[in-house]
Amino acid sequence: MAVTTMPSLDAHRLRADFPIFEQRFHGKPLAFLDSAASAQKPRAVLEAMTTFYETSYANVHRSVYQLAEMATEALESSRETVRGFLNAASPREVVFVRNATEGINLVAYAWGLSNLGPGDVVIATELEHHSNFVPWQYIARRTGASFRILPLDDGGELRLDALDGLAGDGRVKVVAVGVVSNALGTVNPVEQLAAWAHDRGAVVVADAAQAAPHRRVDVQALGCDFLAVSAHKMCGPSGVGALWGRAELLERMEPFLLGGHMIRSVGDEASSWAELPHKFEAGTAPMAEAVGFAAAVDYVQGVGLDAIERHEHELAAYALGRLAELPWVTTYGPPADRRAGIVSFDVDGVHPHDVAQVLDFEGVAIRAGHHCCQPLMRRLGVTATSRASFYLYTVPEEIDRLVTGLHKARKVFA
Ligand SMILES: Cc1ncc(COP(=O)(O)O)c(C=O)c1O
């Protein structure tokens, strides 16, 4: 008989790695259900950054003294770690950026401005985060390309059947899609979308800000052309992320930001650009942040991305089950097995901000608002939702505390 070993994760034990959980809020232990906005940091990440500052800190790439070489080595070995995490073919394809938003803007400006024009079509999805929606809407408008939105079905999943009609007889040049929705948790069929886009000669810009913390992200398997992540959502520091792009595309692109480090030579009339990835890394690099990013990659890989994904499915199923017991709560999005650990919901007659405020007094931190997804909110017919999001340190007891808090919110406001 075959024995299947399921990856396991002990969230109670992992919590001990995170100093934030030693603190109390409103006199209560912290139930942090807002990891989709930004994740908490384990000691391993904080210590890696402190050690870098204490032992290896100098500006990178610019000096020949030993300390600067150590700093450069730390930055480049962090790049190699991120390369491995994304399964990119080469570190030349991994550009350090401030965050996923900056990575996508880099592509929209540096690729979009030179490759889009009248008659071209840019498609973004109805559940896109503004980060992978607004830059494309803006660049399409500037270049005269047509900007179109791929709709959702009532279950919160992308309507791939609408693609051909949406494209019409336009030249589709870009398909912008999130790998995982930050508002509904939907896991999108990026591979299928990429196959359709490539048949039409379009590039696929994948926003993996919400996927990278929670499941394996393999740029080669996804079949996309560009992909952006933020370190802060996956236990790393704020201020750093990565843009991956196919080398042949990055090579043909103009730079996005200009200044120090990204040049080969500077003449009085014109300048030429450095090799990849440096062409896209103007100015002093986020050095300590990159070191922290690599430590975060090591940490989540140590826990195991398959185990994290399974843990979140279990939590999502538990949360959807508990919320289903409350007839005055509406949940949005697909079933648990089709989503990451994110649950958006509404409490009848209580504004999400009021829900979040009552929960805060219970030590439960959730997000209330449009989640940077106004097109999706319009589709759902709401202006805002409450959102609970889970991570590797989330335990089911926190979901119980959420439910208890919702009863209180209803009592106070409804
Ligand atoms: C799906 C998704 N894309 C992009 C972003 C933007 O991330 P950042 O603010 O780190 O650029 C977020 C952040 O909430 C997100 O959830």
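The values are calculated or read from the model by the stated rules, or taken from the named source; none is laboratory data. Predicted, not measured: the structure shown is a model, and the values here were computed from it. When we count neighbours, we look across all protein chains shown, and the Cβ atoms used for this are built from the backbone with ideal geometry, even at glycine.
Does at least one position in region 233-248 carry a residue that is more than 30 Å from A285 (Cβ to Cβ) and without any contact (Cβ under 8 Å) to a residue 12 or more places away in the chain?
no
Which of the residues belonging to region 169-207 are aliphatic (A, V, I, L, M) and touching a Ser or Thr at 6+ places or on another chain (Cβ under 9 Å)?
Across region 169-207, the qualifying residues are V175, A176, V177, V180, A183, L184, V187, L193.
Residues checked against (1) crowded, with 16+ Cβ neighbours inside 10 Å; (2) touching a helix residue (DSSP H, G or I) at 6+ places or on another chain (Cβ under 9 Å); (3) on the phi > 0 side of the Ramachandran plot; (4) outside the structural domain of H232 (by TED's automatic domain parsing):
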{"residue": "H313", "(1), (2), (3), (4)": "yes, yes, no, yes"}
{"residue": "D354", "(1), (2), (3), (4)": "yes, yes, no, yes"}
{"residue": "Q357", "(1), (2), (3), (4)": "no, yes, no, yes"}
{"residue": "G369", "(1), (2), (3), (4)": "yes, yes, yes, yes"}
{"residue": "L380", "(1), (2), (3), (4)": "yes, no, no, yes"}
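Out of the residues in region 8-61 that are touching a Pro at 6+ places or on another chain (Cβ under 9 Å) and part of a loop (DSSP other than H, G, I, E, B), which is farthest from D298 (Cα to Cα)?
Q23
Scan region 336-349 and give yes if some residue there is under 21 Å from the mean Cα position of the chain (by Cα) and without any contact (Cβ under 8 Å) to a residue 24 or more places away in the chain, otherwise no.
Yes.
Rundown of residues vs (1) of a type in the set (V, I, T); (2) not assigned by TED's automatic domain parsing to the domain that holds G292, yes/no style:
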position: L30; (1), (2): no, yes
position: D34; (1), (2): no, yes
position: T51; (1), (2): yes, no
position: E54; (1), (2): no, no
position: N59; (1), (2): no, no
position: Q66; (1), (2): no, no
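Go through region 91-122 residue by residue and tally those that are under 20 Å from M287 (Cα atoms) and either more than 16 Å from the ligand (Cβ to nearest atom) or of a type in the set (F, W, Y) (or both).
Residues meeting the conditions: 5.
Among the residues of region 189-231 satisfying the criterion of being surrounded by 24 or more Cβ atoms within 10 Å (Cβ to Cβ) and assigned to a helix (DSSP H, G or I), which is farthest from the ligand (Cβ to nearest atom)?
Here the residue is A197.
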